[in-house]
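Novice: I am attaching a structure below and will ask some questions about it afterwards.
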Amino acid sequence: MSAQAQMRALLDQLMGTARDGDETRQRVKFTDDRVCKSHLLDCCPHDILAGTRMDLGECTKIHDLALRADYEIASKERDLFFELDAMDHLESFIAECDRRTELAKKRLAETQEEISAEVSAKAEKVHELNEEIGKLLAKAEQLGAEGNVDESQKILMEVEKVRAKKKEAEEEYRNSMPASSFQQQKLRVCEVCSAYLGLHDNDRRLADHFGGKLHLGFIQIREKLDQLRKTVAEKQEKRNQDRLRRREEREREERLSRRSRSRDRRRRRSRSTSRERRKLSRSRSRERHRRHRSRSRSHSRGHRRASRDRSAKYKFSRERASREESWESGRSERGPPDWRLESSNGKMASRRSEEKEAGEI
């Protein structure tokens, strides 16, 4: 890669797709399904194992450093939960690697001659010491390249101690089996990257393997997978707690709403009852007032009728008295009447006086 391409990639990684206003690059967003989520999280096996014996070639999905920068900017504002997709991708890859490791172990068990359990344990011990020596040498070389010479020297001293232990283990293994069988190369499959390791490999070969890009790449992938599993578990637990909290809040709001509706119903029922009572009271009051007015009217009509009757009787008695007076005055002018007439007139006068007295009463 040229220096210009490296600078362009560095700018993309820092500023994202919108660094130079190129609209064609902005057509694909980092949320698109065509974009590799493992690449956005910097754990795609196609990138990590590139240039090794197990180079997987180009990924079928889009890899772009600018999209990774866009994702890193957006992930600071909200949780996108891309870790789940990356975890599924790495789990499928590691499962395939472990399957190849088991097949290689089975193939070695079929091709190499049988040995006893005691000899197998001693050979396993030699393999473990070889692995420890290779890791220490790889670490010492890395520290030396970084300029930390003192730490590198300390690790080399530890390597010498492990070499002494390995020599003793090899002597025990040699003495436990025939010389012809000992000369046969005993292989072992690396549990990390499924590569073959020899029982008699020298330190340089072991250092190249354990410090190589293939082995370190698989270590990085496995560590990233463990980290993703932990992150996904924490986020799922947090999401479950948030969901549970929202559910409790929703149930609390529903209970409060039911209580409020119940209070409103009781209040409306009470208002309706009070309204009906007031209506009933008003209707009763109107009915009493109506009956009182009716009785008052009937009493007034009776009183007026009695008054009219009394006035009529009084008027009749006055007219009768005036007639009698006029008759008496006419009688005195006409002279004394006949005795018969007088007796009859006396009876009539007495009856009239009785009627007059009754009328006055």
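Novice: Give, as a single signed number, the net charge of other residues whose beta carbon lies under 10 Å from the beta carbon of Asp85, with Lys and Arg counted +1 and Asp and Glu -1.
Specialist: -2
Novice: Of all the accessible heavy-atom surface of the stretch 52-115, with the other protein chains kept in place and a 1.4 Å probe, what percent is carbon and sulfur?
Specialist: 50 percent
Novice: Can I ask one more? Past the 21 Å Cα-Cα mark, which pairs from Lys106/Lys166; Lys166/Lys186; Lys165/Lys186?
Specialist: Lys106/Lys166, as the Cα separations exceed 21 Å there.
Novice: By its C-alpha gyration tensor, with a ≥ b ≥ c as the square roots of the eigenvalues, how is the stretch 188-236 shaped: rounded for a/c under 1.5, else prolate for a/b larger than b/c, else oblate?
Specialist: Prolate, since a/c reaches 1.5 and a/b exceeds b/c.
Novice: Using the Cβ atoms and a cut-off under 12 Å, what net charge is assigned to the surroundings of Lys139, where Lys and Arg are +1 and Asp and Glu are -1? Can you show the working numbers first?
Specialist: Details: positive: Lys135, Lys154; negative: Glu132, Glu141, Glu146, Glu151, Glu158.
Local net charge: -3.
Novice: Take Lys167 and Arg266, extend 7 Å from each Cα along the Cα→Cβ direction, and tell me the distance between the two endpoints in nm.
Specialist: My value for the distance between the label points is 9.4 nm.
Novice: Local charge sum around Arg258 (other residues, Cβ-Cβ under 13 Å, Lys/Arg +1, Asp/Glu -1)?
Specialist: Cβ neighbours under 13 Å give a net charge of +4.
Novice: As a quick test, which of the pairs Lys122/Lys161; Lys135/Lys161; Lys37/Lys105; Lys139/Lys235; Lys29/Lys61 have an alpha carbon distance above 23 angstrom in this structure?
Specialist: Too far apart for the 23 Å limit: Lys37/Lys105; Lys139/Lys235.
Novice: Same structure, new question: What's the Kirkwood radius of the stretch 236-286 in Å, using all Cα pairs?
Specialist: Values: mean 1/r = 0.0711 Å⁻¹.
Across the stretch 236-286, the inverse of the average 1/r is 14.1 Å.
Novice: Sticking with this structure for a sec: Please give the peptides 223-231, 254-262, 210-218 ranked by average Cβ packing (other Cβ atoms within 10 Å per residue), highest first, as a rough proxy for protection.
Specialist: Most protected by this proxy first, the peptides run 210-218, 223-231, 254-262.
The values are calculated or read from the model by the stated rules, or taken from the named source; none is laboratory data. Everything numeric here is computed off the predicted structure, so don't read it as measured data. Virtual Cβ from ideal backbone geometry, glycine too; neighbours counted across all protein chains shown. Areas reflect the complete protein model, heavy atoms only, side chains present, ligands, DNA and RNA absent. Shrake-Rupley method; radii C 1.70, N 1.55, O 1.52, S 1.80 Å.
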